[in-house]
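Below: one structure, written as structure tokens.
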Amino acid sequence: MFYGALVWDPWLIVAQIVCLQCLYYLTLGFFLSLLVGTRVSHLTLVYFFDFATITTSTVTGCCVIASLLLTSFAGAGYMLFLIERANKCLDFSATLYIIHLLKCMIYGGWPSSITWWVVNGTGFAVMALLGEYLCIKRELREIPTRYRSNV
């Protein structure tokens, strides 16, 4: 893909959003099964979408928090390969977390826990900033000398 050509492709954008969202929830499920699945008898969607499970007063709640934060680190890595542009990372991170907020509202109502907002805000910041950093590092890599002319 040539970065100089600015072509607006809505199907590509939708596909990137869907892929990023799917990878986010697959990774969250993986981390929840590792950290929370060993502590509870049944791992359900409550741990994905209910704001009441995100609490610092129980070990299980702290494991849910750790899963969400680890998933945001992984999401930054996914953006490096899916989005590839530093200036788009904030937009895709915001879209992901807005969709997650809507799913949480449908599942369990408006998140009234301050812990939910802090954890998801931190996850959003980590995903956006780390994704931008990784994409900038890739964009600023030196062009290999074998592609340069010997003039």
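Details
- Restricting Thr53, Thr38, Thr60 to residues that are touching a residue at least 12 places away in the same chain (Cβ under 8 Å) and of a type in the set (Ser, Thr, Tyr) narrows the list to Thr60.
- Failed condition for Ser113, given (1) touching a residue at least 40 places away in the same chain (Cβ under 8 Å); (2) buried (at least 17 other Cβ atoms within 10 Å of the Cβ): (2)
- The combined condition, being among the β-branched types (Val, Ile, Thr) and either touching a Lys or Arg at 6+ places or on another chain (Cβ under 7 Å) or over 30 Å from Leu140 (Cβ atoms) (or both), is not fulfilled by Ile13.
- Meets criteria (within 21 Å of Leu28 (Cβ to Cβ), touching a residue at least 12 places away in the same chain (Cβ under 8 Å) and more than 13 Å from the chain's Cα centre (by Cα)) for Tyr107: yes
- Test for Thr122: is it of a type in the set (S, T, N, Q) and more than 17 Å from Asp50 (Cα to Cα): yes
- Here Ser93 meets each of (1) surrounded by 15 or more Cβ atoms within 10 Å (Cβ to Cβ); (2) more than 30 Å from Arg141 (Cα to Cα) with one exception, condition (2).
- The lone criterion from (1) without any contact (Cβ under 8 Å) to a residue 40 or more places away in the chain; (2) surrounded by 15 or more Cβ atoms within 10 Å (Cβ to Cβ) left unmet by Leu82 is number (1).
- From Phe92, Phe124, Phe81, residue being of a type outside the set (Gly, Ala, Ser), in contact with a Ser or Thr (Cβ under 9 Å, 6 or more places away or on another chain) and within 22 Å of Ile13 (Cβ to Cβ): Phe124
- Residue tally, condition farther than 12 Å from Val64 by Cβ and surrounded by 17 or more Cβ atoms within 10 Å (Cβ to Cβ), over segment 30-45: 0
Each reported figure results from applying straightforward, stated rules to the coordinates on display, with no laboratory input. Being a predicted model, the structure only gives us computed values, none of them experimental. As a convention, Cβ positions derive from the backbone with ideal geometry for all residues, glycine included, and neighbour counts pool all protein chains shown.
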